[in-house]
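What follows is a short report on a single structure.
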Amino acid sequence: MHRTDSIAVVIPSFKVTRQILDVIAGIGPEVDRIYVVDDKCPDGSGKLVREQCLDPRVTVLEHDANQGVGGAVITGYRAALADGAKVIVKVDGDGQMDTSLIPRFVAPILAGEADYAKGNRFFNLERIRSMPPVRLFGNAVLSLLTKVSSGYWDLFDPTNGYTAIHADCLRFVPFDKLSRRYFFETDMLFRLNTLGAVVVDVPMDAVYADEVSNLKVSRIVTEFAAKHLRNFCKRLFYNYYLRNMSLASIELPLGLFLICFGTVYGISHWLRSAAHEAVTPAGTVMLAALPVIMGVQLVLAFLAYDIASVPRRPLHKKTSYSRIHA
């Protein structure tokens, strides 16, 4: 890590007055600036930091209205970009994230291996036993949905808010389109995939005390599922039809058509035969089964292509090359 690489930390602050000062105190000297974003905290966490924190690196930003964790992070991102930060780390203010791991999150970005690094609490299978069951189930379901909607098939733990991002990548992220609340981290992954950014998981341990989880199963099934479906459809259009065309662009719609055709044809003829108490001819059965089999094979081929298409070349290196040769 070179000292010419400016590192900033963004801490969204909402009802974390008991932990926020300890979180700031735990941030090491590798960090140049710290932005505490008071998201209209009813406990006045921003005021607390301003009055009691003596760290000269700290800047307190305050919202006039609550915008959610995403809105607070975006405010911090904008400030860090304006001040010239090269890598921007986001940690929560509740003390669940070990700030001594910041160099580990920053390292793959400064090494030119990634644009975005995020925590993964599921790396150590022995340690995830400390995770409450509802969190474990919710994150497992969300991870599967996120793989499909974002296109990052090699990632896990999508709701993990411990992240780091290169400034040259962050400048391309459409802040105004990002989800402002619980879906923020997942929506960020979708946006990064459409940009072709490289994302890596960083192993970390799960730390839980007596806090109450805001992750509800009902939210996963309804709101999150709908947003995942929306992002998946957008990603398909952007990556396979608008920006690029490939064999996979044909495989998915053709496969789905064949599956639907075979299913509808087979069910309709089965119902007709059942109504007349007749045996369905073998040819009819094959005519229904073959499209379904072929359709499944085409969909699997598309998935194999999509999994192999996870971005591998960091976006910030491509943009740096373009600026040098402009």
Since Arg78 meets every condition but one in (1) open to solvent by 10 Å² or more (accessible area, probe 1.4 Å); (2) under 25 Å from the mean Cα position of the chain (by Cα); (3) at positive phi, which condition does it not meet? (3)
Count - residues of the range 223-260 that are of a type in the set (A, V, I, L, M) and in a loop (DSSP other than H, G, I, E, B): 1
Could you list all residues from the range 25-53 that are among the aliphatic types (A, V, I, L, M) and assigned to a loop (DSSP other than H, G, I, E, B)? Ile27, Val31
Has the range 13-26 got at least one residue that is open to solvent by less than 50 Å² (accessible area, probe 1.4 Å) and touching a Lys or Arg at 6+ places or on another chain (Cβ under 8 Å)? no
Check whether at least one residue in the range 141-158 is of a type in the set (S, T, N, Q), surrounded by 20 or more Cβ atoms within 10 Å (Cβ to Cβ) and in contact with a Gly (Cβ under 8 Å, 6 or more places away or on another chain), and report yes or no. no
Exactly one of Val310, Val292 is farther than 21 Å from Asn193 by Cα and of a type in the set (A, V, I, L, M, F, W, C), and that one is Val292
Among all residue pairs at least 6 apart or on different chains, which show Cβ distances below 6 Å where the first residue, located in the range 57-77, is part of a loop (DSSP other than H, G, I, E, B) and the second is open to solvent by 40 Å² or more (accessible area, probe 1.4 Å)? Arg57/Arg33; His63/Lys40; Ala65/Lys40; Asn66/Lys40; Gln67/Arg180
Scanning the range 95-135 for residues that are modelled with pLDDT under 90, open to solvent by 50 Å² or more (accessible area, probe 1.4 Å) and either under 21 Å from Tyr182 (Cβ atoms) or acidic (Asp, Glu) (or both) gives Glu126, Pro133, Val134
Failed item, numbered, when Val89 is tested on (1) more than 22 Å from Ala197 (Cα to Cα); (2) under 17 Å from the mean Cα position of the chain (by Cα); (3) assigned to a strand (DSSP E or B): (1)
Taking the range 230-252 and keeping residues open to solvent by 60 Å² or more (accessible area, probe 1.4 Å) and more than 17 Å from Pro311 (Cβ to Cβ) leaves Arg230, Cys233, Phe237, Tyr241, Met245, Leu247, Ile250
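Residues checked against (1) within 19 Å of Ile74 (Cα to Cα); (2) of a type in the set (A, V, I, L, M):
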| position | (1), (2) |
| --- | --- |
| Leu101 | no, yes |
| Pro108 | no, no |
| Thr146 | no, no |
| Ala164 | yes, yes |
| Leu170 | yes, yes |
| Ser179 | yes, no |
Only one of (1) open to solvent by 40 Å² or more (accessible area, probe 1.4 Å); (2) touching a helix residue (DSSP H, G or I) at 6+ places or on another chain (Cβ under 6 Å) does not apply to Ala274, and that is (2)
Just to verify a result, which residue in the range 171-222, among those that are farther than 22 Å from Tyr116 by Cβ and in a helix (DSSP H, G or I), is modelled with the highest pLDDT? Thr222
Picking from Arg171, Arg180, the residue that is more than 27 Å from Ala226 (Cβ to Cβ), of a type in the set (Lys, Arg), out of contact with any strand residue (DSSP E or B) (no Cβ under 9 Å at 6 or more places or on another chain) and open to solvent by 50 Å² or more (accessible area, probe 1.4 Å) would be Arg171
With exposed (fewer than 12 other Cβ atoms within 10 Å of the Cβ), more than 30 Å from Phe172 (Cα to Cα) and among the β-branched types (Val, Ile, Thr) as the only criterion, which of Ile259, Ile267 stands out? Ile267
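The values are calculated or read from the model by the stated rules, or taken from the named source; none is laboratory data. Remember, predicted model here, so these are calculated numbers, not experimental data. Here the Cβ is made from the backbone with ideal geometry for all residues, glycine too, and neighbour counts use every protein chain on show. Note: accessible area is taken over every heavy atom of the protein model, side chains too, but ligands, DNA and RNA are not part of it. Shrake-Rupley method; radii C 1.70, N 1.55, O 1.52, S 1.80 Å.
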